[in-house]
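Okay, so here's the structure we're looking at.
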Amino acid sequence: VSGEQGAKAERMFALMDRFLKNDPISLQKDILDHVEYTVARSRFNFDDFEAYQALSHSVRDRLIERWHDTQLYFKRKDPKRVYFLSLEFLMGRSLSNSVINLGIRDQYADALGQLGFEYEVVAEQEGDAALGNGGLARLSACQMDSLATLDYPAWGYGLRYQYGLFRQVILDGFQHEQPDYWLNFGNPWEIERIHVTYPVKFYGTVEDETLNGGKYKVWIPGEMVEAVAYDNPIPGYGTRNTITLRLWAAKPSDQYDIESYNTGDYINAVVNRQKAETISSVLYPDDRSYQGKELRLKQQYFFVSASVQDIIRRFKDAHSNFDEFPEKVALQLNDTHPSLAIVEVMRILVDEEHLDWNRASDIVGKIFSFTSHTVIAEGLEKIPVDLLASLLPRHLQIIYSINFKFVEELKKKIGLDYNRLSRMSIIEEGAVKSIRSANLSIVCSHTVNGVSRVHLELLKANVFKDFYELWPEKFQFKTNGVTQRRWIVVSNPSLSALISKWLGTEAWIRDVELLTGLREYAADSFLQHEWKMVRKVNKMRLAEYIEAMSGLKVSLDAMFDVQIKRIHEYKRQLLNILGIIHRYDCIKNMEKSDRRKVVPHVCIIGGKAAPGYEVAKKIIKLCHAVAEKINNDSDVGDLLKLVFIPDYNVSVAELVIPGADLSQHLSTAGNEASGTGSMKFLMNGCLLLATEDGSTVEIIEEIGADNMFLFGSKVHDVPILREKGPDLKVNLQFARVVRMVRDGYFGFKDYFKSLCDTVEVGNDFYLLGSDFESYLEAQAAADKAFVDQEKWTQMSILSTAGSGRFSSDRTIQDYAENTWGIEPCPCPF
Ligand code: GPK
């Protein structure tokens, strides 16, 4: 830049410290400045939380520098970008992740130390950002980290809920839900963009309009709210690239009022205006049942409309011809929740940009890709037509048109097979006429992805069979992955240091395949010794947490045996608890002299139940009732303990996973689309006890079946077993433990009756009874392996060594190359 502009830029440049410095003195000064000017506390007197606030603002400054440079660079280069649309992002804490990705963790730890604070204690002050439910939402977060690290020009789009996933409080062993008003303590990780706003319309009518001889539809809305952008910078590791997660918040609109002010009731008019904000107020806490609620549909459309407007605005800043749109834009639908984006793009192109229908639909077909995360048909989302007709009348018309053209084409290909036509139609006729979001997504996307190999096979064979037969080339899979930055480097710093020491490099943090280099040393007694020490320290940390939380003292010599994930019948936490009852029963009936041979277990279970999911809530209560009995039985002592970890979330996972010896993944085969928790345990050298479901099948290929404890019916057995009906040869051990619960051995006899009914012969949909024997065998195999600590440690090292394929870096690179068609765009400087 030259001339006046250039002179101005130069003067600005000279006035600013370019860039912020990261030496210990500069960092200390920065922190103290933020204590004084941002937090407004005295620099002579501030506590751990205020230190956290100041520290995070100082980190934020550094993030912003890189974020500006990256955004400017992307703008200049104008590469094809991917827009990742997801209704849920489970980000957890940001501080440690940021300083590690920025490469300044140790410098900050030193700086804080000089100021008399301990880094770990300060970092613990941060609360979790829990804008999601479970695996699907955490996957989005891991993928954002990989997108940034691999320098892809990517944007995440979502909703800025004021209330995240509920806090789980346990009272008398029962789950209670409390609101998570997470913004109460401020959020230094977001940048409010008060000028980046878009109007989002709802309700109203559609009218015809003639303009320059063309006929168009005009949507006259009945309500309008404003979407305001909140940008969350996402730093990559080992790169300057820092991308954006843009979350939308709803605000009342100034252009259009919900309530007219003419009535003279000013106070009520203002109060009604404020209701607009409810759209982004609360996350739905049930991730699998679709209730056809208006607020949920409003949330979906709200975030999708704002995102699409933003994407089109950015495109139009640099281009005038929409035929170039697919060369610049890839839109990724994270499950069907954002599927209205398809319709919104159509609406804007046709109604507002006045493209003809075929041209618009051609563009749409080139930009969308869709990933499914579910296996079962009942899990597929449906939108009642009545609801859509009232909330988004124009979108309903567009969906009808899309469907009409699709069905016409389909008839040409498959003839008048009405059963098949009606199965494939986007519209479901029936008692409640509804839109099948998955059908809409498949019809309008160029690619449909599954989240593991078996998942794709199941989709092809079952729920998406008709579509697979029609368009086999559309269907792919990208096995899920998790980010080793958060799941090793942040959560397990000592293991991370040990790995780097033995590999002689930190390069695995970006190039995780290098972990295979550990295989060479798996039998090395020096590595084994150090490995065991690291694991012991992590177990100690976990034991301290358990004691602080529940008062229970646990033995570090015991096997820490963990199952943490959302509570669902298909994930079979009940199988685990029944197994624990069996273990308890065995110990009680054993000769005292035999007890020496028992491998002591600390069984740890954690997870939230959806507030309306009765069976899941009973499982939580049963876990507490059993724990109460076992933990107070002095006769059993350290041989068996059962702990329920309340309020399981990302930061609890970061603490629990590194301290686990064994982790359990018990889904009935064919029910878990992928599973990602197992990958985090694997990276941390925890052994898996699992069914051959979802991504476990691929984990077996990578680390070998002899390096884990597998059990249970296989994917293809399950339908046969279900078909076959009640198994007359009921496992006696299973019948006995269920009977113990039924008979009130753990109290609450009446309350547990319906829970016991779910696993009774003839009713046992998730096949706990049929898998019980094999489950106990796998448990016994794990116990046996644990006795040989040398062998166990070797298996543990081999688990970490084989975990590289399960990095989200691999998943994202595959998406980038084979689904989105985007290339890295590393920011220089
Ligand atoms: C799948 F369908 C859903 C859902 O609503 N929520 C959710 O967390 C999970 N998922 C799957 O259950 C896991 O198997 C999978 O690993 C994860 O999504 C990410 O794909």
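Every read-out reported here was derived from the displayed coordinates using simple, explicitly stated rules and does not represent laboratory data. As the structure is a computational prediction, the values presented were derived from the model and not from experiment. Glycine also receives a Cβ, built like all others from the backbone with ideal geometry; neighbour counts cover every protein chain displayed.
Counting neighbouring Cβ atoms within 10 Å and putting the fewest first, the residues His582, His455 line up as His582, His455.
For Lys433, the amide hydrogen comes within under 5 Å of the amide hydrogens of Val385, counting only partners 5 or more places away or on other chains and with H modelled in the peptide plane.
Once you have the Cα-Cα distance between Glu823 and Val787, take 0.36 nm times their residue separation minus that, and quote the gain in nm to one decimal. Provide the component values of the computation, followed by the final result.
Working: separation 36, 0.36 × 36 = 12.96 nm, distance 4.95 nm.
Using 0.36 nm per residue and subtracting the Cα-Cα distance, I get 8.0 nm.
In this rough spin-label picture, where each label sits 7 Å from Cα along the Cβ direction, the Lys293-Asn419 distance is 3.7 nm. Which residues in segment 598-623 place their backbone N less than 18 Å from a point set 7 Å from the Cα of Ile376 along the Cα-to-Cβ direction? Within reach of a label on Ile376: 608-620.
Out of Pro826, Ser96, Ala141, whose Cα points farthest toward the positive end of the dipole of the chain (charges: +1 Lys, Arg; -1 Asp, Glu; placed on Cβ)? Projecting each Cα onto the dipole axis, the largest value belongs to Ala141.
Give me the number: length gained by fully extending Asp511 to Thr205, i.e. 0.36 nm times residue separation minus the C-alpha to C-alpha distance, one decimal in nm. Please report the intermediate quantities before stating the final value.
Details: separation 306, 0.36 × 306 = 110.16 nm, distance 5.39 nm.
Separation in residues times 0.36 nm, less the Cα-Cα distance, equals 104.8 nm.
Amide H to amide H distances under 5 Å link Phe477 with Gly450, where only residues 5 or more positions off or on other chains count and H is placed in the peptide plane. Here r is the Cβ-Cβ distance between Arg359 and Ala389 and R0 is 30 Å; the resulting FRET efficiency, rounded to 0.05, is 0.65. Full extension of the chain segment joining Asp757 with Ala269 gains 170.4 nm, where the gain is 0.36 nm per residue of separation less the Cα-Cα distance.
Legend: ranking of residues Leu183, Leu687 from fewest to most surrounding C-beta atoms inside 10 Å; resulting order Leu183, Leu687. In this simple spin-label model, placing a label point 7 Å from the Cα along the Cα-to-Cβ direction at both Lys729 and Asp557 gives a separation of 4.0 nm.
A cut-off under 11 angstrom between Cβ atoms defines the neighbours of Thr691, and their net charge, with Lys, Arg +1 and Asp, Glu -1, is -2. Would you calculate the separation in nanometres between label points at Ser320 and Lys21, each defined as 7 Å from the Cα along the Cα-to-beta-carbon direction? Spacing of the two 7 Å Cα→Cβ label points: 5.0 nm. FRET efficiency for the pair Ala548 and Ser593, taken as 1/(1 + (r/R0)^6) with r the Cβ-Cβ distance and R0 = 30 Å, rounds to 0.25. The phi torsions of segment 779-786, fed into the Karplus equation with coefficients 6.51, -1.76 and 1.60 and a -60° offset, translate into couplings of 4, 5, 5, 5, 4, 4, 5, 5 Hz, rounded to whole numbers, with Gly and Pro shown as x.
Listed values for segment 25-36 are Karplus-derived 3J(HN,Hα) couplings in whole Hz (6.51 cos²θ - 1.76 cosθ + 1.60, θ = phi - 60°), namely 5, 4, 5, 4, 4, 4, 4, 5, 4, 5, 4, 6, and x replaces Gly and Pro. A dipole drawn for segment 484-813 from +1 and -1 charges on Cβ atoms has a positive end, and of Ala653, Ala780, Gln813 the residue lying farthest that way is Ala653.
Shape call for segment 484-813 from the C-alpha gyration tensor, a ≥ b ≥ c root eigenvalues: rounded (a/c under 1.5), prolate (a/b greater than b/c) or oblate? Show your work: numbers first, answer last.
Working: a/c = 1.77, a/b = 1.43, b/c = 1.23.
Prolate is the answer for segment 484-813, as a/c is 1.5 or above and a/b outweighs b/c.
Please state the charge dipole magnitude for the chain, taken about the Cα centre, from unit charges on C-beta atoms (+1 on K and R, -1 on D and E), reported in debye and rounded to the nearest 20.
Numbers: 96 positive and 114 negative charges, 131 e Å.
Roughly 620 debye for the chain.
Give me Ser452, Ser390 sorted ascending by neighbouring Cβ count inside 10 Å, so fewest comes first.
On the way: Ser452 24, Ser390 15.
The most exposed by this proxy come first: Ser390, Ser452.
Since only Tyr237, Phe746, His455 are under comparison, the one whose Cα sits farthest along the positive direction of the charge dipole of the chain, derived from C-beta charges on Lys, Arg, Asp and Glu, is His455.
Of all beta bridges DSSP finds with both residues in the chain, what is the antiparallel percent, to the nearest 5? Show your work: numbers first, answer last.
Working: 41 of 88 bridges.
Looking only at bridges with both residues in the chain, the antiparallel portion is about 45 percent.
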